[in-house]
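The values are calculated or read from the model by the stated rules, or taken from the named source; none is laboratory data. Note that the structure is predicted; figures quoted are calculated from it, not measured. Cβ sites come from the backbone with ideal geometry, for glycine too, and all protein chains shown count toward neighbours.
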Amino acid sequence: MSKTNALVIGASGGIGAALVNQLQHSNVYHQVHAVSRNLPSEPLTHVCYHQVDSEDDHNIFELCQQLNSQGIQFTLVVCCTGALHGQIGEHLVKPEKRMEDLDSKSLDFYFSTNAITPAIWLKNVETLLKGKQAAKLVFLSARVGSIHDNKLGGWYGYRASKAALNMLIKTAQVELKRRAKNVALVSYHPGTVDTNLSKPFQSNVPQGKLFTADFTVSQLLNILLDLTTEDAPYYLDWQGKTISW
């Protein structure tokens, strides 16, 4: 089987950068493409980098059209965009502990980053994945996005935005079974990873449960080997175990 291509969206983050590195050294793909808002100061040899603002729908559309015009199929696309905390001007966004902490600016931030941006990528990358070979489109989700698994409460915006992402994935798979039967969608919970996303919350992580980016990426790539389009979509954790939607 001829080598195909892989695309990593959000390649400047901890997980995204580790993913690009492992894919490039796997010798599985003809070309690894990496998308980020800012280009790396030390780019990897043979990786094709694209500077794209994921908040700009037109930028996303233009890149996907450009790649599609080259007539190449991607068999793996991984969207690593997402946020657990951040700042909008002077407004600090962090997970809510109670209902009184809810506010529209924070909710806008969570849904825009964790659901809307991935949805726009989902719409545009479909054309890159369609083809004769089986392809996988992966989104970084979170276990707390599971409605069924929510026993602790709190973290309203983050939970709800990841639940929205999961619903987008489930809904899109229904359509893809008609129009792109070779594509399997995956919602992946990477565990708590030692990146900027989890930094403020790492003190509460049980010993042995704070993973390196390289570890969770290796787990993902191994898990993907056994996934079929027939059983898609998938909502899996870093061990390959199914999470209830």
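Scanning the stretch 70-77 finds one or more residues that are loosely packed, with under 14 Cβ neighbours inside 10 Å and not basic (Lys, Arg). When Asn27 is tested against (1) polar (S, T, N, Q); (2) more than 20 Å from Gln133 (Cβ to Cβ); (3) exposed (fewer than 12 other Cβ atoms within 10 Å of the Cβ), exactly one condition is not met: (2). Could you tell me whether the stretch 126-143 includes any residue that is surrounded by 19 or more Cβ atoms within 10 Å (Cβ to Cβ), modelled with pLDDT of 95 or more and in a loop (DSSP other than H, G, I, E, B)? Within the stretch 126-143, one or more residues are surrounded by 19 or more Cβ atoms within 10 Å (Cβ to Cβ), modelled with pLDDT of 95 or more and in a loop (DSSP other than H, G, I, E, B).
Only residues that are hydroxyl-bearing (Ser, Thr, Tyr), closer than 20 Å to Val193 by Cα and in contact with a Leu (Cβ under 7 Å, 6 or more places away or on another chain) were counted across the stretch 113-169, and they come to 2. The sole residue among Lys123, Lys105 that is assigned to a helix (DSSP H, G or I) and farther than 27 Å from Lys177 by Cα is Lys105.
On inspection, Ala34 does not qualify as in contact (Cβ under 8 Å) with a residue 40 or more places away in the chain and either in contact with a Leu (Cβ under 7 Å, 6 or more places away or on another chain) or on the phi < 0 side of the Ramachandran plot (or both).
Residues in the stretch 37-68 that are closer than 18 Å to Asn5 by Cβ, among the hydroxyl-bearing types (Ser, Thr, Tyr) and modelled with pLDDT under 95: Thr45 only. Among the residues examined, Ser218 does not qualify as of a type in the set (Ser, Thr, Tyr) and at pLDDT below 95. One residue stands out among those in the stretch 214-245 that are within 17 Å of the chain's Cα centre (by Cα) and of a type in the set (Gly, Ala, Ser): the one that is farthest from Gln22 (Cα to Cα), which is Ala232.
Kindly indicate whether Ala115 is in contact (Cβ under 8 Å) with a residue 12 or more places away in the chain, crowded, with 21+ Cβ neighbours inside 10 Å and in contact with a helix residue (DSSP H, G or I) (Cβ under 8 Å, 6 or more places away or on another chain). For Ala115, the condition - in contact (Cβ under 8 Å) with a residue 12 or more places away in the chain, crowded, with 21+ Cβ neighbours inside 10 Å and in contact with a helix residue (DSSP H, G or I) (Cβ under 8 Å, 6 or more places away or on another chain) - is met. Please work out which residue is nearest to the chain's Cα centre (by Cα), limiting yourself to the stretch 37-77 and to residues that are part of a strand (DSSP E or B) and touching a residue at least 60 places away in the same chain (Cβ under 8 Å). Only one residue fits best here, namely Val77. Just to be sure before I move on: is Ser2 part of a loop (DSSP other than H, G, I, E, B), within 26 Å of Lys130 (Cβ to Cβ) and at pLDDT below 95 in the structure I sent? The answer is yes for Ser2.
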